[in-house]
Amino acid sequence: MDKLSKLDIEVINTLHELGIAAHLRGYQYIITAVKQVQEHPDSIHAMTREFYPAIADIHGASDKAVEAGIRHAIFRSKADDETWLRILGRTGPMSNSEFIYTLSEAIRIKFALEEVS
């Protein structure tokens, strides 16, 4: 089993806080997606053309399965609006790209604040 990075641990903890179940395929896709955004922030702007296919290659899935898996995982979140607001700074329906980018930014800010303190 691969060693988890600080980023992996933070994404996993955040997904747990949001009530996104680990058994959902989208759970793993989201972890990979956030790591992709952290490494290549502009990749989020080409979701269907580049982003989903890259994640699909890593997981041996189709890009449509990745898109649907992420959407399903977000939809199945068990967290209430207050939790979403505390973690991501917003509530309500989000597209996959909004969710991934917002989650990625929340984690990036958390890491930056840890460095300052």
Legend entry - Of the criteria (1) assigned to a helix (DSSP H, G or I); (2) farther than 15 Å from Val34 by Cβ; (3) of a type in the set (Ser, Thr, Tyr), which one Thr91 fails: (1)
Inset, instruction - Look through the stretch 80-93, keep the residues that are surrounded by 17 or more Cβ atoms within 10 Å (Cβ to Cβ) and either touching a helix residue (DSSP H, G or I) at 6+ places or on another chain (Cβ under 7 Å) or without any contact (Cβ under 8 Å) to a residue 40 or more places away in the chain (or both), and return whichever of them is farthest from Ile44 (Cα to Cα). - result: Ile87
Legend entry - Meets criteria (buried (at least 16 other Cβ atoms within 10 Å of the Cβ) and of a type outside the set (Phe, Trp, Tyr)) for Leu103: yes
Legend entry - Restricting the stretch 100-117 to residues that are free of Cβ contacts under 8 Å to residues at least 60 places away in the same chain and part of a helix (DSSP H, G or I), the residue that is nearest to Tyr52 (Cα to Cα): Thr102
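If we scan the stretch 23-36, do we find a residue that is farther than 24 Å from Ile109 by Cα, in contact with a helix residue (DSSP H, G or I) (Cβ under 6 Å, 6 or more places away or on another chain) and not aliphatic (A, V, I, L, M)?
The answer is yes, given that some residue of the stretch 23-36 is farther than 24 Å from Ile109 by Cα, in contact with a helix residue (DSSP H, G or I) (Cβ under 6 Å, 6 or more places away or on another chain) and not aliphatic (A, V, I, L, M).
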Inset, instruction - May I ask you to verify whether Glu67 is among the acidic types (Asp, Glu), in contact (Cβ under 8 Å) with a residue 40 or more places away in the chain and surrounded by 16 or more Cβ atoms within 10 Å (Cβ to Cβ)? - result: no
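Every read-out reported here was derived from the displayed coordinates using simple, explicitly stated rules and does not represent laboratory data. Quick caveat: nothing in here was measured; it's all calculated off a predicted structure. Here the Cβ is made from the backbone with ideal geometry for all residues, glycine too, and neighbour counts use every protein chain on show.
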